[in-house]
Amino acid sequence: MRTLTRVLAATGTIALTMGCLVVSAGTAQASTCSRSSLPLPDSYCTPGSYNPDVTQSTIHSTICVSGWTGTVRPSTTYTNTLKAQGITDYGYSDTNMSDYEEDHLVPLELGGAPKDPGNLWPEPRYGNPTASSKDGVETKLKNAVCAGTITLNSARSAIRTNWTTALQVTGIG
């Protein structure tokens, strides 16, 4: 249900023309996602997902090309709508949008699904470690994949499972 709510929030309103019924995304009254595993997202709400165009055989024409993530990154209009809904879903008491990064659990740098709500979550910019800490892990993993040090699948699996231990699990950190 949470993913449907986030999809509705991201797309605005859906009109069913046969019955002239308009369905609009509402605001959840209670949190539906747990914050108990922070700095990791709730794995039920944010399981992570992959871009099918990125495989081990396509990395040198996708993620290993400088600037490639810019070609698939969703607009801030799209991600800000998801972020607002995610702040509600996670039950954050701080609702200041600038205190969160709408982050891809499996980053675009490793071929994460760009617009799948199940791969996006409002990651706090405060606490320890923070959203910016994850950015460094993502870059190191991508560099190792592109250098052939580790496989794409091992990098994706490690970051999807626990980004705070991904460098150690893959043996590059």
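The values are calculated or read from the model by the stated rules, or taken from the named source; none is laboratory data. Just so we're clear, the structure is a prediction, and the values are computed from it rather than from any experiment. Quick reminder, even Gly has a Cβ in these numbers, built from the backbone with ideal geometry, and neighbours come from all protein chains shown. Surface accessibility is based on the protein's heavy atoms, side chains included, excluding ligands, DNA and RNA. Shrake-Rupley method; radii C 1.70, N 1.55, O 1.52, S 1.80 Å.
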> Once fully extended, how much extra length lies between Cys146 and Asp99, figured as 0.36 nm per residue of separation less the alpha-carbon to alpha-carbon distance?
Replying inline: 13.7 nm
> Taking H as built 1.01 Å from N, whose amide H comes closer than 5 Å to the amide H of Glu101, not counting residues under 5 places away?
Replying inline: Glu123, Arg125
> To the nearest 0.05, what FRET efficiency results for Thr161 and Thr139 with a Förster distance of 25 Å applied to their C-beta separation?
Replying inline: 0.85
> Where Lys and Arg each count +1 and Asp and Glu each count -1, what net charge lies around Asp135 among other residues with Cβ under 13 Å from its Cβ?
Replying inline: -1
> Tell me, what is the 1.4 Å probe accessible area of Lys140, in Å² to the nearest 10?
Replying inline: 120
>> What is the sum of charges, Lys and Arg at +1 and Asp and Glu at -1, for the other residues whose Cβ falls under 11 Å from the Cβ of Glu101?
In response: -2
> How big is the stretch 126-173 by the Kirkwood estimate over distinct Cα pairs, in Å?
Replying inline: 10.6
> Can you give the accessible area of Cys33 in Å² (nearest 10), computed on protein heavy atoms with a 1.4 Å probe?
Replying inline: 10
>> Can you compute the modelled spin-label distance between Thr71 and Arg125, with each label point 7 Å from Cα toward Cβ, in nm?
In response: 3.0
